[in-house]
Amino acid sequence: MENKVIDSRTNKEGDIIRRRRECLSCKDRFTTYERLEKSLPFIVKKDGRREEFNREKILDGVKKACQKRPISIEKIEALVDRVEQYFVDQGEKEISAVAVGEKVVKEIYHLDDVAYVRFASVYRSFKDVNEFMVELKEVLRDKQGT
């Protein structure tokens, strides 16, 4: 099928191109979308297994931490976008799951205190209440100092 491009536009982020096209034989018009393919690294788990970078896993974890908090889905998705872009920019073929978790912890820290404590408590697997309290006291100290 032969066609020509009538109009091209990129989205705000610049990673999707929308093209209006016209079929040269039947003159029908249609739209195509081209998405920038990112080269995401493989994640190396603690047990040595390797799996593909999974944005949805990160998104699900952050959503759970943010449940019943006044945080829009746009802010949550922007956080995950920053995490994903950070690792794309690193250019590594493999990264540790620990590095991903630490990046998420840093990002969520600036988003919401309660969500941070929720995420950190699951991610860091506190062994007891004392470890949890130490983390909570650090958050309170940092927030009072700013």
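Every number here is computed from the coordinates shown, using simple stated rules; none is lab data. For clarity, every value in this text was computed on a predicted model and none was experimentally measured. Methodologically, a virtual Cβ is constructed for each residue, glycine included, from the backbone with ideal geometry; neighbour enumeration extends over all protein chains shown.
Listed by chain and number, the aspartates and glutamates whose alpha-carbon sits under 12 Å from that of Lys93, ignoring those within fewer than 8 places in the same chain, are Glu51, Glu52. Between Arg19 and Asp47, the modelled labels are 4.5 nm apart [label points 7 Å from Cα along Cα→Cβ]. Sequence-ordered 3J(HN,Hα) estimates for segment 63-77 from the Karplus curve with 6.51, -1.76 and 1.60 and θ = phi - 60° stand at 4, 4, 5, 9, 4, 6, 10, x, 10, 6, 4, 5, 5, 5, 5 Hz, glycine and proline given as x. Close amide H pairs (under 5 Å, H built 1.01 Å from N) link Ser96 with Val44, residues at least 5 positions away or on another chain.
Stretching the chain fully between Asp7 and Phe30 yields a gain of 7.2 nm (0.36 nm per residue, less the alpha carbon separation).
When the charge dipole of the chain is built from unit charges on Cβ atoms (+1 for Lys and Arg, -1 for Asp and Glu) and taken about the Cα centre, the candidate among Ile17, Val88, Leu59 whose Cα reaches farthest toward its positive end is Ile17.
Counting neighbouring beta carbons within 10 Å and listing from fewest to most, the residues Asp113, Asp142 come out as Asp142, Asp113. Using θ = phi - 60° in the Karplus curve 6.51 cos²θ - 1.76 cosθ + 1.60, the 3J(HN,Hα) couplings for segment 57-62 round to 5, 5, 4, 4, x, 5 Hz; x is entered for Gly and Pro.
Whole-Hz Karplus values for segment 96-104 come out as 7, 4, 4, 4, 5, x, 5, 5, 4 Hz, taken residue by residue from phi with 6.51 cos²θ - 1.76 cosθ + 1.60 and θ = phi - 60°; glycine and proline positions read x. For Asn3, nonlocal amide neighbours, meaning residues 5 or more places apart or on other chains whose placed amide H falls under 5 Å from its own, are Leu24. Of all DSSP beta bridges confined to the chain, the antiparallel ones make up roughly 85%. Secondary-structure-derived ellipticity at 222 nm for the chain, considering helices only, amounts to -15500 deg cm²/dmol, per-run term -39500 (n - 2.57) for DSSP H runs with n ≥ 4.
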